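Below is one structure, written out as structure tokens; comments come after it.
The values are calculated or read from the model by the stated rules, or taken from the named source; none is laboratory data. The shown structure was predicted, so the numbers you read here are calculated from the model rather than taken from an experiment. Reconstructed Cβ throughout: ideal geometry from the backbone, glycine too, with neighbour counts over all protein chains shown.
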Amino acid sequence: MSLLIKNGRIITATDAYVADILVEGETIRAIGKDLPFSADETIDATDLLVFPGGIDPHVHLDMPFMGTFSSDTHETGTRAALHGGTTTVIDFVLQKQGHSLKEALADWNSRARGTAVGDYSFHMAVTDFNENTRAEIKEMIENEGVTSFKTFMAYKGALMIDDRQMVALMQEVKKQGGMVTVHATNGDVIDYLVAKHRAEGKLAPLYHYLSQPEMTEAEASGRFADMADYTGCPAYIVHLTCEGALNSVRNATRRNQKLFVETCIQYLILDASLYEDDFEGAKWVMSPPLREKKDQTTLWAGINQGLVQVVATDHCPFRWEQKLMGKDDFSKIPNGHPAIENRMELLYSEGVHTGKITLNKYVEVACTNPAKIFGLFPKKGTIAVGSDADLVLFNPTEKHTISAKTHHMHVDYSAYEGWEITGKVKTVLLRGKVAIDQGNCLVEKGYGKFIKRNKVSGTI
Ligand code: DUC
Ligand code: ZN
Ligand code: ZN
Ligand code: ZN
């Protein structure tokens, strides 16, 4: 099967030019002006932008959390991702404390294999690092293609590891050629503030926000950076939200440390005023919480300064009935919001269309850097001869409105209801197949492939 995409404006992290793309099977075979080939199928991409398939390296699909499961399965989540121009996601496997990494991986495999619609890979969340876990790190990297290890500095008793385990894990992961990533907030301080607010009868969603002040993230980000510097382990901070935390990273760069930083689309465009409205604010109860306008400015600047390399989502959807578990107590509201489908269009509309970032930067943070940082490049994350034909044909001028009525995520509200967007995903190719066309999904459950990732060096 061959396919010719004619006359699109190809955007990579470095280039922008009009050309044709020849796809054979799953792969890009040729790129050039007026390619002299015929193909089984031709798509006219005149006036459209052509992006590499988006890569969202931070999603939680079908994840057991806070007494329930995130509401998108690997099927519904990856299908929604495709609708929004994201062709590959990296999902989090959670080790159960007291159990092995292998068991956790088998559990996630049993749910994702044969059900995912889009391509996916796994991070391993290490929640209990001991001598048994240590022996499994090499196995994960060498045999399973799982080369990044997530840690939590919060959620004590369920997910959190202490600094002893953190340093020991970093030493082992560095030795084996992997990367340590982190949810960097000070769990003990947050637990204290949560308990204090509850004891005072302060139970509304607003107090979720007030229990995680900027300091908790700035402190943990700095502590993590110090441990990564000491061990020399490739390191990545997930969902960084605020000025204080970015200043901790800025500090680390003064000793020439390489440290990757991800923010998420919500922290760039939403702010904490959403928590002021009674229980409605539960839609945006996530950790870390939304911050202030000044933090949005910091994050956009951080992207342009090269301090923030990735824009992900931390997609962790819960339906309204699940959010209601915390109706009388903010600490019982499942943390997370739905965004897997909206990231590419929101970042284009709010970032490129408004002039905050360039088209090249857009592709860099949404596609190329996630692929490079996590060992998927150049198979994924760019438009080049030999790369997977994961492509997004995008109309940069079409306007539309986000709504739960039309989205494909398994959640009955939208965190962006009524947002007017400029720029729309028209056609999406995944490994050479038209997966999405004009809003229709043309690939089946099970088309998504597990992608083993390469070792990482901590350099891009
Ligand atoms: N934060 C969330 O909001 N959801 C899932 C896990 C996390 O750290
Ligand atoms: Zn076990
Ligand atoms: Zn997190
Ligand atoms: Zn997360």
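Brief remarks follow.
- Condition met for ALA389 (modelled with pLDDT of 95 or more and within 20 Å of ARG79 (Cβ to Cβ)): yes
- Some residue of the range 95-118 being touching a His at 6+ places or on another chain (Cβ under 8 Å), within 16 Å of ligand 4 (Cβ to nearest atom), in contact (Cβ under 8 Å) with a residue 12 or more places away in the chain and within 25 Å of PHE152 (Cα to Cα): no
Each row is one residue, and each column tells you yes or no for (1) under 18 Å from SER121 (Cα atoms); (2) within 20 Å of the chain's Cα centre (by Cα); (3) part of a strand (DSSP E or B).
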{"site": "ALA371", "(1), (2), (3)": "yes, yes, no"}
{"site": "GLY375", "(1), (2), (3)": "yes, yes, no"}
{"site": "THR382", "(1), (2), (3)": "yes, yes, no"}
{"site": "LEU393", "(1), (2), (3)": "no, no, yes"}
{"site": "HIS400", "(1), (2), (3)": "no, no, yes"}
{"site": "VAL411", "(1), (2), (3)": "no, yes, no"}
{"site": "LYS426", "(1), (2), (3)": "no, no, yes"}
{"site": "ILE436", "(1), (2), (3)": "no, no, yes"}
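- Yes/no for LYS405 being free of Cβ contacts under 8 Å to residues at least 12 places away in the same chain, closer than 20 Å to ALA81 by Cα and not hydroxyl-bearing (Ser, Thr, Tyr): yes
- Considering THR382, THR422, the condition of being in contact with a His (Cβ under 8 Å, 6 or more places away or on another chain), buried (at least 17 other Cβ atoms within 10 Å of the Cβ) and farther than 30 Å from LYS196 by Cβ is satisfied by THR422 alone.
For every residue, the table says whether it meets (1) of a type in the set (A, V, I, L, M); (2) farther than 27 Å from TRP320 by Cβ.
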residue: HIS208; (1), (2): no, no
residue: MET215; (1), (2): yes, yes
residue: LEU240; (1), (2): yes, yes
residue: LEU246; (1), (2): yes, yes
residue: ARG250; (1), (2): no, yes
residue: GLN257; (1), (2): no, yes
residue: SER287; (1), (2): no, no
residue: LEU299; (1), (2): yes, yes
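- Count - residues of the range 184-203 that are buried (at least 23 other Cβ atoms within 10 Å of the Cβ) and of a type in the set (A, V, I, L, M): 2
- Scanning the range 300-313 for residues being in contact with a Ser or Thr (Cβ under 9 Å, 6 or more places away or on another chain) and either aromatic (Phe, Trp, Tyr) or under 18 Å from HIS183 (Cα atoms) (or both) gives a total of 6.
- If only residues of the range 39-65 that are of a type in the set (A, V, I, L, M) and away from ligand 3 (no atom under 16 Å from the Cβ) are counted, the one that is surrounded by the fewest Cβ atoms within 10 Å (Cβ to Cβ) is ALA39.
- Of all residues in the range 1-41 being at negative phi and polar (S, T, N, Q), the one that is modelled with the lowest pLDDT: SER38
- Looking across the range 238-291, just one residue is part of a helix (DSSP H, G or I), of a type in the set (D, E, K, R) and within 16 Å of ligand 1 (Cβ to nearest atom), and that is LYS283.
- Within the range 91-130, being charged (D, E, K, R), more than 16 Å from ligand 3 (Cβ to nearest atom) and in contact with a strand residue (DSSP E or B) (Cβ under 7 Å, 6 or more places away or on another chain) holds for ARG113, ASP119.
- Test: ILE421 is more than 20 Å from the chain's Cα centre (by Cα), over 29 Å from GLY32 (Cα atoms), in contact (Cβ under 8 Å) with a residue 40 or more places away in the chain and in a strand (DSSP E or B): yes
So that you can scan it fast, the table gives a plain yes or no per residue for (1) basic (Lys, Arg); (2) in contact with a helix residue (DSSP H, G or I) (Cβ under 7 Å, 6 or more places away or on another chain); (3) in a strand (DSSP E or B); (4) more than 16 Å from ligand 1 (Cβ to nearest atom):
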| site | (1), (2), (3), (4) |
| --- | --- |
| LEU35 | no, no, no, yes |
| ALA39 | no, no, no, yes |
| THR46 | no, no, no, yes |
| PHE51 | no, yes, yes, yes |
| THR78 | no, no, no, yes |
| ALA81 | no, no, no, yes |
| ILE137 | no, yes, no, yes |
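- Residues being touching a Cys at 6+ places or on another chain (Cβ under 6 Å) and either among the polar types (S, T, N, Q) or outside any helix (DSSP H, G or I) (or both) - total across the range 155-202: 1
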